[in-house]
1. Could you check how many residues of the range 163-173 are assigned to a loop (DSSP other than H, G, I, E, B) and either among the hydroxyl-bearing types (Ser, Thr, Tyr) or loosely packed, with under 13 Cβ neighbours inside 10 Å (or both)?
2. Quick one: in the range 74-85, which of the residues that are under 16 Å from the mean Cα position of the chain (by Cα) and modelled with pLDDT under 95 is farthest from Val25 (Cα to Cα)?
3. Can you name the residue in the range 36-89 that is hydroxyl-bearing (Ser, Thr, Tyr) and touching an Asp or Glu at 6+ places or on another chain (Cβ under 8 Å) and, of all such residues, is nearest to Lys8 (Cα to Cα)?
4. Which condition does Pro133 not pass, out of (1) without any contact (Cβ under 8 Å) to a residue 40 or more places away in the chain; (2) crowded, with 19+ Cβ neighbours inside 10 Å, if it passes all the others?
5. Mind checking whether some residue in the range 7-23 is of a type in the set (Ser, Thr, Tyr) and in contact (Cβ under 8 Å) with a residue 60 or more places away in the chain?
6. Among the residues of the range 1-57 satisfying the criterion of being among the small types (Gly, Ala, Ser) and under 17 Å from the mean Cα position of the chain (by Cα), which is surrounded by the most Cβ atoms within 10 Å (Cβ to Cβ)?
7. Residues being on the phi > 0 side of the Ramachandran plot and either out of contact with any Lys or Arg (no Cβ under 8 Å at 6 or more places or on another chain) or assigned to a strand (DSSP E or B) (or both): count how many of those fall in the range 108-162.
8. Out of (1) crowded, with 17+ Cβ neighbours inside 10 Å; (2) farther than 24 Å from Asn181 by Cα, what's the single condition that is false for Gly119?
Amino acid sequence: MKIYWYGKTCFEIIINEKTQEPVSVVIDPIEQIFSKKDIDISILTHASEYKKGFTITAAGEYEVKDVYIRGIPLKEGGLIFIIKAEGMKLCHLGGIDLDELTEEQLSNLGLIDVLFIGGGEDDKTRMIKQIEPAVVIPMDYDNPELFLKRVGVSEKEAVDFYKPQKKNFEELEKAEVIVLNKK
């Protein structure tokens, strides 16, 4: 699995990338970038007319090409998406405008390996502590410094992509922060 960030809340996740049939999952695709690119699954966390590949825009459970996706609606509006693939569980919080989750919402999430969360002006550290992911990837920010300071990371060099591996998560004592360069 490889994860790329395209800015705002847009990520491309290449699942089974080393096989002959990799699966491209794009969350909140940016039309100018993905109009000529093959996408197997598009996940839209907010209203958009863009549709490419198998497009998920609503709450529910989906399974496409051995990728399990669950959209969880919030009473406050918006959707949280869970993606299960390659033995890992990823959670994309979209652009939700909450500082913390309820016990019911947390139980719907379960254990999360990789959490995509807003890294901009709103402080999301309380939510990160609630969810307790193995890895945190900030999104929707102009400069990661404020986010890094809030989560107690002094310096973190940004990388072009991230390759999560389940075996590495068990060794972590606290959530690892991965900052991605905008592709």
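1. 6
2. The selected residue is Gly78.
3. Step one: filter the range 36-89 for residues hydroxyl-bearing (Ser, Thr, Tyr), giving 42, 45, 48, 50, 55, 57, 62, 68.
Next cut, touching an Asp or Glu at 6+ places or on another chain (Cβ under 8 Å) only: 45, 48, 50, 68.
Numbers: Thr45: 12, Ser48: 14, Tyr50: 16, Tyr68: 24 Å.
Residue satisfying both the conditions and the ranking: Thr45.
4. Only one criterion is unmet by Pro133, namely (1).
5. yes
6. Ser42
7. 2
8. Every listed condition holds for Gly119 apart from (2).
The values are calculated or read from the model by the stated rules, or taken from the named source; none is laboratory data. Predicted model only: the values in this text are computed from it and were never measured. Backbone-built Cβ (ideal geometry, glycine too); neighbour counts: all protein chains shown.
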